[in-house]
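S.K.: One structure, pasted below without further comment.
The values are calculated or read from the model by the stated rules, or taken from the named source; none is laboratory data. If you're wondering where the values come from, they're calculated on a predicted model, not measured in any experiment. No Cβ is skipped: glycine too gets one built from the backbone with ideal geometry, and neighbour counts run over all protein chains shown.
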Ligand SMILES: Cc1cc2nc3c(=O)[nH]c(=O)nc-3n(C[C@H](O)[C@H](O)[C@H](O)COP(=O)(O)OP(=O)(O)OC[C@H]3O[C@@H](n4cnc5c(N)ncnc54)[C@H](O)[C@@H]3O)c2cc1C
């Protein structure tokens, strides 16, 4: 099979952010490209929080925000810490958040992925929807030479696997290790329709601009994870992400769908979605183990991009996966084209994919924050005692009941003492080191 002329230069498995950008890049360079996507249309099975940071996509489509179906430019960043009855929110806005290349946009994946896939198609890529790739075909030497989808076996000089977080092909055919429950989270999201002017009023945003909000604490009933809220044009995406090992445990009495229901009824969230109509419900895996869970990304005849390569990062205040997927997809497309031109599509010929990911932000950022996933997992009190302490401190500041008041220091001291001053300092120091 290896000596025969392949059916395509490049086959891409999956048409999410990584796959569509890889296909676009390779098709633009004049290569014959086939994309196989199991969803009935691109984006049909995809989900994100979510907001995409623009920098990576701008390298591929410099003016994408003018034509892509983006929802709102994010100009308000909010971080909230909640216990069952209280909530403390930091609301940050700055003109830097709007600057070209530093800007970010909320997206809904069904329209966004269809736009990305249409760009790949316009550039000449052939896209087949509604068929899942079942296997990667290898030659006798173990080199990937194509795919098996349904009854068909289709060959290519390079296969780019961009199958997302549920990376069964990468695991079964390329030998990647199955992620542990500590390394994977489950995401659950609902979309609520709300008129655009009401969104702007509720978030105090100028017309067309929006907010991104991350929550920690009671939203996951004190389990490792957090809540998110993103404003779209005329809807709100609201959801939770929780580490699988923390919610599968027998001692966890609250399934994640119940957590989401409780989150929606929390006094800090309920007014935001009051009167809004629930129009969508979805769930998805999120790779959260960071750098230490990244599998081998380069094989003879094959590259792995995006979530399939576990290229995703959750720092608690920043969630990134789509810009990593876009960047890795672009680099995979470019490297595959160069290797084909150089007539060396072995792992050696494709090796610059990994080097470029290391030199650029994808593997470099994942490496910088490689200690964070474990730190977060061990920092159980961040999800329980810290929100409670924050409630105590802010109550000490704001509650006035006519009793003789002590100095603020005296009011706060017992709360800090209960937390354990040295233990807290040690935890915060450890977290700051990892972040
Ligand atoms: C709840 C949640 C919140 C998130 N929030 C954010 C956020 O705010 N910002 C951010 O940047 N990232 C966020 N992420 C991460 C981000 O969504 C992912 O990193 C990104 O979608 C990865 O893109 P991808 O193209 O690699 O994978 P995907 O988008 O998952 O695409 C994979 C594609 O492959 C297809 N496929 C799979 N198997 C096969 C097969 N065998 N044959 C054919 N096709 C196949 C799938 O149908 C899919 O279309 C979030 C993720 C979740 C779940």
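Rundown of residues vs (1) in contact (Cβ under 8 Å) with a residue 12 or more places away in the chain; (2) on the phi < 0 side of the Ramachandran plot; (3) crowded, with 22+ Cβ neighbours inside 10 Å, yes/no style:
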{"position": "316", "(1), (2), (3)": "yes, no, no"}
{"position": "321", "(1), (2), (3)": "yes, yes, yes"}
{"position": "326", "(1), (2), (3)": "yes, yes, yes"}
{"position": "330", "(1), (2), (3)": "yes, yes, yes"}
{"position": "339", "(1), (2), (3)": "yes, yes, yes"}
{"position": "351", "(1), (2), (3)": "yes, yes, no"}
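S.K.: Among the strands (runs of 3 or more DSSP E) lying completely within segment 143-193, list those that include at least 2 residues that are within 26 Å of residue 255 (Cβ to Cβ).
M.R.: 184-193
S.K.: What do you reckon, is residue 258 over 13 Å from the mean Cα position of the chain (by Cα), in contact (Cβ under 8 Å) with a residue 60 or more places away in the chain, surrounded by fewer than 23 Cβ atoms within 10 Å (Cβ to Cβ) and away from the ligand (no atom under 13 Å from the Cβ)?
M.R.: No.
S.K.: Further question on the same structure: If residue 296 meets every condition in (1) part of a loop (DSSP other than H, G, I, E, B); (2) away from the ligand (no atom under 13 Å from the Cβ); (3) crowded, with 24+ Cβ neighbours inside 10 Å apart from one, which number is that one?
M.R.: Going through the list (1) part of a loop (DSSP other than H, G, I, E, B); (2) away from the ligand (no atom under 13 Å from the Cβ); (3) crowded, with 24+ Cβ neighbours inside 10 Å, residue 296 breaks only (3).
S.K.: Among the candidates 101, 164, 150, which residue alone is modelled with pLDDT under 95 and within 11 Å of the ligand (Cβ to nearest atom)?
M.R.: Checking each option against the conditions leaves just 150.
S.K.: If you go through segment 411-435 one residue at a time, how many are loosely packed, with under 11 Cβ neighbours inside 10 Å and in contact with a helix residue (DSSP H, G or I) (Cβ under 7 Å, 6 or more places away or on another chain)?
M.R.: Number satisfying all stated conditions: 0.
S.K.: For a quick check of your reading of the model, give me the residue pairs whose first member lies in segment 86-114 and is in the same structural domain as residue 65 (by TED's automatic domain parsing) and farther than 13 Å from residue 210 by Cα, whose second is at pLDDT 95 or above and not in a loop (DSSP other than H, G, I, E, B), with beta-carbon atoms closer than 7 Å and at least 6 apart or on different chains.
M.R.: 113/20
S.K.: Quick check: is even one residue across segment 13-20 touching a residue at least 40 places away in the same chain (Cβ under 8 Å), part of a loop (DSSP other than H, G, I, E, B), within 15 Å of the ligand (Cβ to nearest atom) and over 23 Å from residue 335 (Cβ atoms)?
M.R.: The answer is no, given that none of the residues of segment 13-20 is touching a residue at least 40 places away in the same chain (Cβ under 8 Å), part of a loop (DSSP other than H, G, I, E, B), within 15 Å of the ligand (Cβ to nearest atom) and over 23 Å from residue 335 (Cβ atoms).
S.K.: Right, something else. For segment 303-326: of the residues being within 6 Å of the ligand (Cβ to nearest atom) and part of a strand (DSSP E or B), which is nearest to residue 55 (Cα to Cα)?
M.R.: 320
S.K.: Anything in segment 265-286 that is farther than 30 Å from residue 179 by Cα, touching a helix residue (DSSP H, G or I) at 6+ places or on another chain (Cβ under 9 Å) and buried (at least 17 other Cβ atoms within 10 Å of the Cβ)? List them, or say none.
M.R.: Correct list: 266, 269, 272, 273, 276.
S.K.: Moving on to the next point. Can you pull out the residues in segment 353-373 that are surrounded by fewer than 18 Cβ atoms within 10 Å (Cβ to Cβ) and in a helix (DSSP H, G or I)?
M.R.: Result: 355, 358, 359, 361, 364, 367, 368.
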